[in-house]
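*Asks:* There's a structure below that I have some questions on.
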Amino acid sequence: MKIITRHYEPALITMFRLGDALLASVVFYLVSFRVQPRGGYSIEAAVIIFLLTMIVFPYAGVYRSWRHSSITDEIKTIAWSCFIVFVLFFLFIKFFYNFQYFIHKPLLYWITIWFVILLLERVFIRTFLRYYRLHGRNIKRVVIVGTGTAAEKIARWINESPWSGTKIEGI
(Lines give C-alpha, C1' and ligand atoms only; values in the text may rest on other atoms or scores of the structure.)
Protein backbone atom coordinates (compact mmCIF):
# COMPACT_ATOMS: atom_id res chain seq x y z
CA MET A 1 0.00 0.00 0.00
CA LYS A 2 1.42 3.34 -1.04
CA ILE A 3 1.04 6.16 1.49
CA ILE A 4 1.11 9.67 0.12
CA THR A 5 1.31 12.49 2.60
CA ARG A 6 -0.83 15.32 1.33
CA HIS A 7 -1.39 17.22 4.53
CA TYR A 8 1.34 19.85 4.32
CA GLU A 9 -0.14 22.60 6.47
CA PRO A 10 1.50 21.78 9.82
CA ALA A 11 4.98 22.06 8.31
CA LEU A 12 4.06 25.21 6.38
CA ILE A 13 2.49 26.87 9.42
CA THR A 14 5.49 25.94 11.58
CA MET A 15 7.74 27.48 8.94
CA PHE A 16 5.63 30.66 8.95
CA ARG A 17 5.64 30.91 12.75
CA LEU A 18 9.39 30.60 13.01
CA GLY A 19 10.00 32.70 9.91
CA ASP A 20 7.78 35.59 11.01
CA ALA A 21 9.31 35.69 14.50
CA LEU A 22 12.84 35.41 13.13
CA LEU A 23 12.12 38.11 10.57
CA ALA A 24 10.82 40.44 13.29
CA SER A 25 13.88 39.98 15.48
CA VAL A 26 16.41 40.16 12.61
CA VAL A 27 14.86 43.34 11.17
CA PHE A 28 14.88 44.89 14.64
CA TYR A 29 18.50 43.91 15.21
CA LEU A 30 19.62 45.27 11.84
CA VAL A 31 17.77 48.55 12.29
CA SER A 32 19.03 49.01 15.85
CA PHE A 33 22.57 47.96 14.90
CA ARG A 34 22.56 50.58 12.16
CA VAL A 35 21.73 53.25 14.75
CA GLN A 36 23.78 51.94 17.70
CA PRO A 37 26.55 49.67 16.36
CA ARG A 38 28.13 49.01 19.73
CA GLY A 39 25.77 48.94 22.53
CA GLY A 40 22.36 48.97 23.87
CA TYR A 41 20.24 45.94 24.34
CA SER A 42 19.82 44.91 20.72
CA ILE A 43 20.28 41.17 21.15
CA GLU A 44 18.11 40.95 24.27
CA ALA A 45 15.44 43.06 22.61
CA ALA A 46 15.54 40.89 19.47
CA VAL A 47 14.98 37.79 21.62
CA ILE A 48 12.04 39.48 23.36
CA ILE A 49 10.55 40.42 19.98
CA PHE A 50 11.00 36.84 18.78
CA LEU A 51 9.14 35.49 21.83
CA LEU A 52 6.38 38.11 21.63
CA THR A 53 5.79 37.31 17.98
CA MET A 54 5.71 33.57 18.69
CA ILE A 55 3.01 34.21 21.32
CA VAL A 56 0.90 37.00 19.79
CA PHE A 57 0.64 35.92 16.14
CA PRO A 58 -0.96 32.49 16.75
CA TYR A 59 -3.43 33.95 19.27
CA ALA A 60 -4.39 36.74 16.88
CA GLY A 61 -5.27 34.20 14.17
CA VAL A 62 -2.49 35.00 11.71
CA TYR A 63 -1.88 31.32 10.96
CA ARG A 64 -5.43 30.16 10.38
CA SER A 65 -6.51 29.09 6.90
CA TRP A 66 -7.06 32.08 4.62
CA ARG A 67 -8.21 29.99 1.66
CA HIS A 68 -11.69 31.55 1.45
CA SER A 69 -10.91 34.97 2.93
CA SER A 70 -9.95 38.20 1.27
CA ILE A 71 -6.44 39.55 1.35
CA THR A 72 -7.69 42.64 3.19
CA ASP A 73 -8.87 40.48 6.10
CA GLU A 74 -5.45 38.87 6.30
CA ILE A 75 -3.72 42.27 6.10
CA LYS A 76 -5.91 43.63 8.91
CA THR A 77 -5.06 40.65 11.09
CA ILE A 78 -1.34 41.00 10.40
CA ALA A 79 -1.45 44.76 11.02
CA TRP A 80 -3.29 44.28 14.31
CA SER A 81 -0.84 41.56 15.38
CA CYS A 82 2.19 43.71 14.53
CA PHE A 83 0.65 46.58 16.48
CA ILE A 84 0.10 44.34 19.53
CA VAL A 85 3.71 43.09 19.38
CA PHE A 86 4.93 46.68 19.06
CA VAL A 87 2.86 47.90 22.03
CA LEU A 88 3.86 44.97 24.23
CA PHE A 89 7.51 45.45 23.33
CA PHE A 90 7.25 49.19 23.97
CA LEU A 91 5.70 48.55 27.39
CA PHE A 92 8.31 45.93 28.16
CA ILE A 93 11.26 48.21 27.44
CA LYS A 94 9.53 51.09 29.22
CA PHE A 95 9.21 49.14 32.46
CA PHE A 96 12.19 46.77 32.45
CA TYR A 97 14.98 48.58 30.61
CA ASN A 98 16.49 52.01 30.59
CA PHE A 99 14.30 53.60 27.97
CA GLN A 100 17.05 56.01 26.88
CA TYR A 101 18.91 53.19 25.09
CA PHE A 102 16.03 52.75 22.69
CA ILE A 103 15.75 55.50 20.15
CA HIS A 104 12.19 56.08 18.96
CA LYS A 105 12.86 56.47 15.24
CA PRO A 106 14.43 53.01 14.78
CA LEU A 107 11.43 51.46 16.53
CA LEU A 108 9.15 53.04 13.93
CA TYR A 109 11.48 51.94 11.13
CA TRP A 110 11.47 48.42 12.52
CA ILE A 111 7.68 48.08 12.72
CA THR A 112 7.22 49.60 9.26
CA ILE A 113 9.87 47.48 7.53
CA TRP A 114 8.71 44.31 9.26
CA PHE A 115 5.05 44.94 8.37
CA VAL A 116 5.86 45.68 4.71
CA ILE A 117 7.98 42.54 4.37
CA LEU A 118 5.20 40.44 5.94
CA LEU A 119 2.68 41.92 3.51
CA LEU A 120 4.86 41.28 0.48
CA GLU A 121 5.47 37.71 1.65
CA ARG A 122 1.75 37.02 2.07
CA VAL A 123 0.83 38.59 -1.29
CA PHE A 124 3.49 36.50 -3.04
CA ILE A 125 2.33 33.30 -1.36
CA ARG A 126 -1.34 34.01 -2.15
CA THR A 127 -0.50 34.74 -5.78
CA PHE A 128 1.49 31.54 -6.06
CA LEU A 129 -1.23 29.43 -4.40
CA ARG A 130 -3.94 31.01 -6.54
CA TYR A 131 -1.99 30.13 -9.70
CA TYR A 132 -1.31 26.64 -8.35
CA ARG A 133 -5.00 26.07 -7.56
CA LEU A 134 -6.21 27.40 -10.90
CA HIS A 135 -4.10 24.69 -12.53
CA GLY A 136 -5.71 21.87 -10.54
CA ARG A 137 -3.28 21.47 -7.67
CA ASN A 138 -3.85 21.87 -3.93
CA ILE A 139 -7.57 21.17 -4.28
CA LYS A 140 -9.87 20.50 -1.34
CA ARG A 141 -12.89 18.38 -2.06
CA VAL A 142 -16.18 19.17 -0.32
CA VAL A 143 -19.63 17.68 -0.03
CA ILE A 144 -22.48 20.12 0.56
CA VAL A 145 -25.13 18.72 2.86
CA GLY A 146 -28.58 20.11 2.16
CA THR A 147 -30.72 21.08 -0.79
CA GLY A 148 -32.06 24.51 0.10
CA THR A 149 -31.19 27.92 -1.22
CA ALA A 150 -28.23 28.15 1.16
CA ALA A 151 -26.71 25.01 -0.38
CA GLU A 152 -27.28 26.42 -3.87
CA LYS A 153 -25.61 29.72 -2.92
CA ILE A 154 -22.61 27.92 -1.47
CA ALA A 155 -22.30 25.72 -4.56
CA ARG A 156 -22.58 28.73 -6.87
CA TRP A 157 -19.96 30.65 -4.89
CA ILE A 158 -17.54 27.70 -4.96
CA ASN A 159 -18.04 27.22 -8.71
CA GLU A 160 -17.50 30.95 -9.33
CA SER A 161 -14.30 30.96 -7.24
CA PRO A 162 -11.85 28.50 -8.80
CA TRP A 163 -8.96 30.36 -7.14
CA SER A 164 -10.09 29.03 -3.75
CA GLY A 165 -9.00 25.50 -4.68
CA THR A 166 -12.30 23.89 -3.68
CA LYS A 167 -14.08 21.25 -5.74
CA ILE A 168 -17.63 20.07 -5.08
CA GLU A 169 -17.86 16.30 -4.99
CA GLY A 170 -21.59 16.17 -4.30
CA ILE A 171 -24.65 17.90 -2.91
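*Asks:* Please find, within region 128-171, the residue that is modelled with the highest pLDDT out of those that are closer than 16 Å to TRP66 by Cα, among the hydrophobic types (A, V, I, L, M, F, W, C) and open to solvent by less than 90 Å² (accessible area, probe 1.4 Å).
*Replies:* The qualifying residue modelled with the highest pLDDT is LEU129.
*Asks:* Just one of (1) modelled with pLDDT under 90; (2) open to solvent by 60 Å² or more (accessible area, probe 1.4 Å); (3) not small (Gly, Ala, Ser) trips up ILE55, so point out which.
*Replies:* ILE55 satisfies every listed condition except (1).
The values are calculated or read from the model by the stated rules, or taken from the named source; none is laboratory data. Because the structure is predicted, anything quoted here is derived from the model rather than measured. Keep in mind that these areas ignore ligands, DNA and RNA; they rest on the heavy atoms of the full protein, side chains included. Shrake-Rupley method; radii C 1.70, N 1.55, O 1.52, S 1.80 Å.
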